[in-house]
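As structure tokens, the structure follows; a few thoughts come after it.
The values are calculated or read from the model by the stated rules, or taken from the named source; none is laboratory data. Keep in mind that this is a model prediction, so the values were computed, not measured. All Cβ positions, even for glycine, are placed from backbone atoms using ideal geometry, and neighbour counts span all protein chains on display. The protein model used for the area step is the full one, side chains on, heavy atoms only, and it has no ligands, DNA or RNA in it. Shrake-Rupley method; radii C 1.70, N 1.55, O 1.52, S 1.80 Å.
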Amino acid sequence: MIPETDSVELLRRLIRFDTSNPPGNERACIECVGGLLTRAGIECRYLASDPGRPNLFARVPGRGDSPPLLVYGHVDVVPADPEEWTHPPFDARLVDGEVWGRGALDMKGGVAMLMSTVLRVASAETRPPGDVLLALAVDEEAGSRAGMKYLVEEHAHLFSGVRYALSEGGGFTQWHSELRFVPISVAEKQRCLIRAAVRGPSGHAASGVTGSASGRLGRLLSRLASRRLPVHVTPVVRTMIEAMARSLPLHERIAARGLLTPALTDPVLAVLGADGRLLAPFFHNTATPTLVHGGVATNVIPAEFSLDLDGRVLPGSTPAKLIAEIDALVQIAQARDDTFGARITGGGFGGSIVAIARAGSARRAALEIVSAYDRLAFDSRATVLVPYRV
């Protein structure tokens with residue numbers, strides 16, 4: 001195996017580039033990838049709205065018998081505090097057969113596999129049926145404005161004719177006893193950025209006040225942590241659960257199908273315990289508190305706190321619906337406690353999701369993809385392919 005196609009060594013090389021976003025600094029990493037591809041005879045293009053943060057696009061020509069296949073990923077990573085790591089996050093140490101480093105999972109591991117695949121395809125004696133396209137983007141972890149959003153808005157022609165695209169999420173194995181489920185991702189939640197505000201009387205910290213903003217913030221956080229938003233059974237999740245249920249024992253099949261009845265979904269999730277907690281986001285819009293802003297001095301009681309929520313919206317839903325669901329949760333608490341007092345002040349789509357499967361087409365897309373994968377050499381007695389929503 002030549003070094004350029006060794007996924008483990010490719011991964012270690014990628015991790016050693018600190019591409020924490022913010023600020024990103026992805027240029028050196030992208031140029032390293034471009035150099036490897038160019039030496040293998042693959043033509044690369046660098047496309048950027050910010051010269052310091054180029055995206056990479058490469059094409060391996062095929063025979064023209066099939067539509068182009070797109071494989072894509074991102075090279076930026078979320079920040080890492082070295083003090084919280086067993087091994088330094090950018091050393092890419094290989095320990096007991098595992099690579100340790102920021103991005104090993106999200107998603108430099110995936111990028112290394114995509115690169116290895118493209119390099120192997122390019123070096124094969126037989127050309128692929130269709131062109132294989134590789135797009136590696138920047139800025140995925142902080143909105144994608146300089147990354148995939150820029151590519152699809154300013155260079156959409158590069159993706160002309162693409163029918164299938166493979167990236168992170170889905171395709172991994174989930175074991176249930178001796179049964180192997182392989183989820184194939186066909187839709188994603190979208191990200192919705194929301195800010196909630198709570199107000200209360202201010203004053204000197206030594207005097208204390210009733211109904212403070214900090215107390216109200218605490219009640220809001222408690223409410224968000226202890227109450228789920230309404231149940232939604234989307235077409236993709238319905239198809240996923242039905243596909244899984246067909247292979248389960250009778251008692252588990254009954255429980256799985258109970259998930260698809262909205263009045264029973266949350267009670268069944270509760271009975272399923274840890275598995276239920278993993279499944280819950282498939283059936284609910286979510287809003288997770290991530291940042292709190294407020295206060296001017298340690299001896300002054302703040303008059304206001306703002307709370308940033310990372311919202312995730314199910315396919316077919318909208319930011320307005322998510323905000324309405326959060327607001328209803330707040331209003332119920334307000335009716336019970338008139339000192340609760342929270343206000344939802346904004347929300348809108350953000351993040352890297354450019355398009356999702358429409359509710360009406362999600363089932364067809366899922367069945368089409370699963371049907372295609374069923375023709376591969378899987379042991380159908382042990383493996384079940386199911387459509388999946390990230």
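Quick notes
- Among the residues of the range 29-78, the one identified as over 27 Å from the mean Cα position of the chain (by Cα), surrounded by fewer than 19 Cβ atoms within 10 Å (Cβ to Cβ) and β-branched (Val, Ile, Thr) is 38.
- Only one of the listed residues (225, 196, 206, 213) is farther than 30 Å from residue 50 by Cα and modelled with pLDDT under 90. That residue is 196.
- One residue alone among 180, 219, 191 is part of a helix (DSSP H, G or I) and open to solvent by 30 Å² or more (accessible area, probe 1.4 Å), and that residue is 219.
- When residue 283 is tested against (1) buried (at least 17 other Cβ atoms within 10 Å of the Cβ); (2) farther than 22 Å from residue 220 by Cβ; (3) at pLDDT below 95; (4) in contact with a helix residue (DSSP H, G or I) (Cβ under 8 Å, 6 or more places away or on another chain), exactly one condition is not met: (3).
- Applying the condition of being among the acidic types (Asp, Glu) and closer than 22 Å to residue 193 by Cα to the range 121-167 and asking which residue is least open to solvent (accessible area, probe 1.4 Å) yields 139.
- Within the range 233-269, the set of residues being of a type in the set (Gly, Ala, Ser), farther than 15 Å from residue 176 by Cβ and part of a loop (DSSP other than H, G, I, E, B) is empty.
- Any hit, the range 93-100, residues being buried (at least 20 other Cβ atoms within 10 Å of the Cβ) and part of a helix (DSSP H, G or I): no
- Residue in the range 303-311 that is modelled with pLDDT under 95, within 30 Å of residue 199 (Cα to Cα), open to solvent by 60 Å² or more (accessible area, probe 1.4 Å) and not in a loop (DSSP other than H, G, I, E, B) present: yes
- The set of residues in the range 139-156 that are within 13 Å of the chain's Cα centre (by Cα) and not in a loop (DSSP other than H, G, I, E, B) comprises 140, 141, 142.
- For the range 9-19, the count of residues that are among the aliphatic types (A, V, I, L, M), touching a Ser or Thr at 6+ places or on another chain (Cβ under 8 Å) and over 20 Å from residue 150 (Cβ atoms) is at least one.
- Among the numbered conditions (1) under 20 Å from residue 315 (Cα atoms); (2) in contact with a helix residue (DSSP H, G or I) (Cβ under 6 Å, 6 or more places away or on another chain); (3) open to solvent by 40 Å² or more (accessible area, probe 1.4 Å), the only one that residue 262 does not meet is (2).
- Any chance residue 229 is part of a loop (DSSP other than H, G, I, E, B), in contact with a Lys or Arg (Cβ under 7 Å, 6 or more places away or on another chain) and open to solvent by less than 40 Å² (accessible area, probe 1.4 Å): no
- In this structure, residue 110 does not satisfy being open to solvent by 30 Å² or more (accessible area, probe 1.4 Å) and either farther than 28 Å from residue 42 by Cα or modelled with pLDDT under 95 (or both).
- Any hit, the range 56-69, residues being closer than 24 Å to residue 144 by Cβ, touching a strand residue (DSSP E or B) at 6+ places or on another chain (Cβ under 6 Å) and among the β-branched types (Val, Ile, Thr): no
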